[in-house]
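Participant: Sharing a structure here in C-alpha cells format.
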Amino acid sequence: MEARVRGMRERKGRNWATDFPWRRNRAELDRMVLKTNIMIAAFSSLGTACAMLQTEVLYRDYMVNDPLVEAAKGLNSAFTLLTLVLLYRLYWLLELFKRVQAHLQRGEEMDERVEHRMVLANPTLWVEWALCAVHLPPTVTFELPLSNLDYVVVYRGEAIMCCVNTLRIYLLWRVLAGYILAQLPRRHTVALFTRVKLGKMFAIKKLLNGWNSLLYIVVFWSLSTVFIAYWFRAGEVTSCLLASSTHPACEDATAKTWILNNVSYVKTNDISMWSALWVIFITSTGVGYGDLIPTTHLSRLVASISAIIGIVAASLLTASLSNAIHFTPQELGAALLVSREQARIDLRVHAANIVQIWWRTLVGRRTGQQRLSAAQQRVDAYEMMMLFRHTRVTAQLDIEDCAGTSKKIDAVAQKSKYICRG
C-alpha cells in the first residue's frame, strides 16, 4: 500500500497535504482507528464462531474430515488472515496518529510516510499477531493426551484451539473503549490542557460511574460466565469418547474408567452448556453446592479463574452501588433545604407545646389543681428546650448553608474574583 501511494506521488507529482488530507487530520484518524477496530473485532468474532462450530460438530460425533468441519476451518483461516491484515493497518494508523500528536503538541516535523519497518518494530503488534493467528487450518488436526491424577484425558486439537480463539474477545473491549472516548468532545485538547490521559483507563472509570455501571458490571459478569463455562466444558470432555478419536492413549483402561477420590467410575462426556454454566455460576458467586465438580486439571484451573473473576465483579458491584446511592452536591443541598422546611414546621409545634405546658402549669399553681396530662407530666423541660433550640438553628439556615461543600467553595471563589476585580 505504501509503495503504491509513493509511486502515485512520484508519477503525478501530488502533494501529501492536498492529496491525502486525512493524514494530517487528527479527528479523521480517530474515526479511522475506530472503524478499523470494529472491523478487527467483527472478523475475529466470525473466526471464533467458526472455531466453535467445528468443535460442536466434533462433539456430536462427526468425523474430522467431514466437509462441514473442513469448511469451518477454512472460514476460520480466512477470517484470521483478515484480522492479521487489519491489525497491521491499525498499528500503521496509530503510528501516524502519534506523529500528528507530536506535531501538534510539540511542533515536531510532520512526516506522513510511515514505513513498514516502523510498524513492525512495535512488539505489541507481534504479541497480538501471535495471539490472533493461533487457529487450526484445514486438513490439520491432533489430539493431546495429558496425565490427570490417576487417569488419562485426551483433548481434541479443535477444542484447544477454539478455547484460544475465544481469547480474541479482548478486541471487543477496544471497540467499546474507542466508542466511549469518541463521545468526548475535543478530548485531545482537554487532555493536553489538564495533563490527564484520556485513554482506556479513563473509559473504564467512566463506565464505573453512575447507575449505568451496575448494568455494565452485570453484563461483564454474565459474558465472563458464558466464556469460562465454555472453557470448563472443553476441559471436561475427553476425546476418547468421541467417534473421531484415533489416539493410542485411548486404548488405556484409565482413559475411559476414571478414579476420583478413590472412587472408580465410567467416564461420560457431558457436553451440555447448562451444566457448565451452573458450575461456573455457583463458583463465581462463592456458593459451590458440590453437585457438579471439576475432574481435570484444566477444568479446575478454569474454575479458579471463575472464582477470582467473581470476587472482582462482586467487589466492583458493591463499590459502584455504594457510589451510586451517595447524594450528589445538588441532592445534598436539596435534602438540607427540605430539612430546613420541616424544621420550621416542627418549630411551631414545639413552641405550641412549650406554651401549652407553661400555661397549664401556671393555671394549676393558681387553682391548686393538676392541669397537665399524663404525657405532659413525663416531659423533661430541659430536653424540650434543647430540642426547641436545635430545631430553631436548623430552621434559620440560609440557602448558601444548604449547599454542598463544592458549591460553597465555588461561591467563595466567585466572591474572591469580585473582590479582586474591585
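The values are calculated or read from the model by the stated rules, or taken from the named source; none is laboratory data. From a predicted model like this one, the values you see are computed outputs, not experimental measurements. Every residue, glycine among them, receives a Cβ derived from its backbone with ideal geometry; neighbour counts consider all protein chains shown. Quick note on the areas: whole protein, heavy atoms, side chains included, nothing else; ligands and nucleic acids left out. Shrake-Rupley method; radii C 1.70, N 1.55, O 1.52, S 1.80 Å.
Participant: Counting Lys and Arg as +1 and Asp and Glu as -1, each charge on the Cβ, what is the dipole of the range 247-341 about the Cα centre in debye, to the nearest 20?
Facilitator: It works out to roughly 100 debye.
Participant: Quick one: pull the percent of accessible area on the chain belonging to carbon and sulfur, 1.4 Å probe, ligands and nucleic acids left out. Show your work: numbers first, answer last.
Facilitator: Working: 16140 of 25260 Å².
Ligands and nucleic acids excluded, carbon and sulfur give 64 percent.
Participant: At what distance in nm do the modelled label points of Phe142 and Lys35 sit from each other, each positioned 7 Å from its Cα along Cα→Cβ?
Facilitator: Inter-label distance under the simple model: 4.0 nm.
Participant: Something else about it: Cα convex hull of the range 177-251: how many Å³ per residue?
Facilitator: Hull volume normalised by residue count: 153 Å³.
Participant: Could I have the simple spin-label model distance between Arg187 and Lys205, label points 7 Å from Cα toward Cβ, reported in nm to one decimal?
Facilitator: Placing both labels 7 Å beyond Cα along the Cβ direction yields 1.4 nm.
Participant: Compute the distance in nm between two label points, each set 7 Å from the Cα along the Cα-to-Cβ direction, one at Thr124 and one at Asn65.
Facilitator: Here the modelled spin labels are 4.6 nm apart.
Participant: Mind checking the alpha-carbon convex hull of the range 306-365 and giving the volume per residue in Å³?
Facilitator: 104
Participant: Now for a separate question. Between the helical axis of 212-236 and the dominant principal axis of the chain, each derived from Cα atoms, what acute angle in degrees is found, rounded to the nearest 10?
Facilitator: That works out to roughly 30 degrees.
Participant: Continuing with the same structure: Tell me, in nm to one decimal, what length is gained between Asp252 and Thr367 on full extension, where the rule is 0.36 nm per residue of separation less the Cα-Cα distance?
Facilitator: Working: separation 115, 0.36 × 115 = 41.40 nm, distance 10.98 nm.
Residue separation times 0.36 nm, minus the Cα-Cα distance, leaves 30.4 nm.
Participant: Sorting Arg365, Arg344, Arg174 by accessible area (1.4 Å probe), largest first, what list results?
Facilitator: Ranked list, largest accessible area first: Arg365, Arg344, Arg174.
Participant: Taking R0 as 25 Å, what's the FRET efficiency between Ala374 and Ile354 from their Cβ-Cβ distance, rounded to 0.05?
Facilitator: FRET efficiency, Ala374 to Ile354: 0.90.
Participant: Suppose accessible area is computed on protein heavy atoms with a 1.4 Å probe; arrange Leu93, Leu292, Leu362, Leu86 from highest to lowest.
Facilitator: Values: Leu93 0, Leu292 70, Leu362 50, Leu86 25 Å².
If we order Leu93, Leu292, Leu362, Leu86 from most to least accessible, we get Leu292, Leu362, Leu86, Leu93.
Participant: So what does His297 come to for accessible area, using a 1.4 Å probe and Å² rounded to 10?
Facilitator: His297 has an accessible surface of roughly 90 Å² with all protein chains in place.
Participant: Same structure, new question: Evaluate E = 1/(1 + (r/R0)^6) for Ile293 and Val164, where r is the Cβ-Cβ distance and R0 equals 30 Å; express this FRET efficiency to the nearest 0.05.
Facilitator: For Ile293 and Val164, the calculated efficiency is 0.75.
Participant: Report the calculated FRET efficiency for Arg195 and His116 (r = Cβ-Cβ distance, R0 = 30 Å), to the nearest 0.05.
Facilitator: 0.35
Participant: While we're looking at this one, here's another question. For the Cα atoms of the chain, what angle does the longest principal axis make with the long axis of helix 2-12, in degrees from 0 to 90, nearest 10?
Facilitator: Long axis of 2-12 versus the principal axis of the chain: about 90 degrees.
Participant: Mind grabbing the accessible area of Trp126 for me, 1.4 Å probe, Å², rounded to tens?
Facilitator: 130
Participant: In addition: For the chain, report the accessible area per residue in Å² (1.4 Å probe, heavy atoms, rounded to an integer).
Facilitator: Value for the chain: 60 Å² per residue.
Participant: Grab the alpha carbons of the range 219-282, take their convex hull, and tell me the volume per residue in Å³. Intermediate results must be reported in sequence, preceding the final value.
Facilitator: Values: hull volume 6.4 nm³, N = 64.
Residue-normalised Cα hull volume stands at 100 Å³.
Participant: OK, next. Take Ile259, project a point 7 Å from its Cα along the Cβ direction, then tell me which residues of the range 125-159 have their backbone nitrogen under 18 Å from it.
Facilitator: Residues 146-154 fall inside that zone.
Participant: Projecting each Cα onto the charge dipole of the chain (Lys/Arg +1, Asp/Glu -1 at the beta carbon, about the Cα centre), which of Val393, Val338, Ala314 comes out farthest on the positive side?
Facilitator: Val393
Participant: Could you sort the peptides 30-40, 207-217, 255-265, 51-61 by per-residue average Cβ neighbour count (10 Å cutoff), highest mean leading?
Facilitator: 51-61, 30-40, 207-217, 255-265
Participant: Would you mind estimating how fast the range 89-192 diffuses translationally, via Stokes-Einstein at 20 °C and 1.002 mPa s with the Kirkwood radius over Cα pairs, in µm²/s?
Facilitator: Translational diffusion coefficient: 120 µm²/s.
Participant: Kindly sort Phe232, Phe220 by accessible area of their heavy atoms, largest first, with the probe set to 1.4 Å.
Facilitator: Descending order: Phe220, Phe232.
Participant: Given 0.36 nm per residue, what is the gain on full extension from Tyr382 to Leu301 after removing their alpha carbon distance, in nm?
Facilitator: Length gained between Tyr382 and Leu301: 22.4 nm.
Participant: With every protein chain left in place and a probe of 1.4 Å, what is the accessible surface of Leu316, to the nearest 10 Å²?
Facilitator: Its heavy atoms expose roughly 60 Å² to the probe.
Participant: If you don't mind, there's one more thing I want to ask. Write down the radius of gyration of the chain and its Dmax, each obtained from C-alpha positions, in Å.
Facilitator: Expressed in Å, the Cα Rg and Dmax of the chain come to 34.8, 120.
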